[in-house]
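Let me begin by presenting the structure, written as structure tokens, before commenting on it.
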Amino acid sequence: MTRFDIDWSYMRTALTVLAVASLVSLGSLAASYIYAGRIEDAFASETAQRNALRAKLRAVRDDELLVEKYLTPYLRLEQDGMIGEEQRLVWVDALQAVSDMLKLPSMHYRIAVQKPFAAPYTAAADSLRVNASRMELNVGLLHEEDLLRLFGELGRRVPDTFHIDNCTLRRTGDRFVYVPKRANLAAACQLLWFSLQPSAGTREVMEDPI
């Protein structure tokens with residue numbers, strides 16, 4: 001063996017130790033990488049869950065604010081008979097009571113079948129469906145002011161439930177004669193009586209507020 005020849009038997013132990021150390025280092029590095037990845041995934045999952053929880057809390061707060069804002073008007077409309085099925089008996093009773101109070105010479109009416117009411121300002125009302133029942137109202141009057149008194153008193157008895165679509169007046173004779181139960185004027189009016197039908201979700205929220 002020359003002086004340039006290497007006796008590998010002397011270096012075997014050192015090389016083995018170096019190889020083992022390298023493997024251990026690589027294993028530690030791989031384990032650290034995997035652990036870091038798991039920590040990152042866990043952090044991302046926790047962040048997503050926290051963000052989802054915050055979104056749910058914001059939604060609950062928004063619902064609470066909406067209920068606080070609209071519950072009182074909703075209950076008022078419900079008390080006035082605007083929510084749910086049409087209140088024909090209430091409307092007719094109110095008309096008859098006003099007619100008796102004003103001592104109108106005559107009053108006749110006819111109510112058509114209720115239909116959905118569509119208007120630009122109701123297009124965004126997804127939670128409430130607006131329905132309308134058209135009424136043909138014919139009233140005998142002693143003078144013009146009786147018609148104003150009729151609708152004024154009717155509005156006080158059943159507020160915000162009807163809309164006067166149109167009215168026409170005609171004289172019933174050549175001259176006015178102020179005799180009880182004798183009409184000097186005949187009024188023919190078209191009224192719309194409204195009712196609101198809430199969606200199932202809206203009714204559930206309003207009946208059981210947060």
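Quick note: the coordinates plus some simple rules give every number you see, no bench work behind them. Note that the coordinates shown come from a computational prediction; the quantities given were computed from them, not determined experimentally. No Cβ is skipped: glycine too gets one built from the backbone with ideal geometry, and neighbour counts run over all protein chains shown.
When peptides 184-196, 165-177 are sorted by average Cβ neighbour count within 10 Å, with the highest value leading, the order is 184-196, 165-177. Within the set of other residues whose C-beta is less than 12 Å from the C-beta of MET101, count the net charge using Lys and Arg as +1 and Asp and Glu as -1. Once positives and negatives cancel, what remains is +1. Once backbone amide H atoms are built at 1.01 Å from N, GLY84 has LEU196, GLN197 as its partners under 5 Å, excluding neighbours fewer than 5 places away on the same chain. In this structure, ASP93 and ARG61 have a Cβ-Cβ separation that, at R0 = 30 Å, corresponds to a calculated FRET efficiency of about 0.10. For the range 88-202, the dipole from Cβ point charges (+1 on Lys and Arg, -1 on Asp and Glu) about the Cα centre works out to 300 debye, to the nearest 20. Taking 7 Å steps out from each Cα toward its Cβ at HIS163 and VAL113 produces label points 2.2 nm apart.
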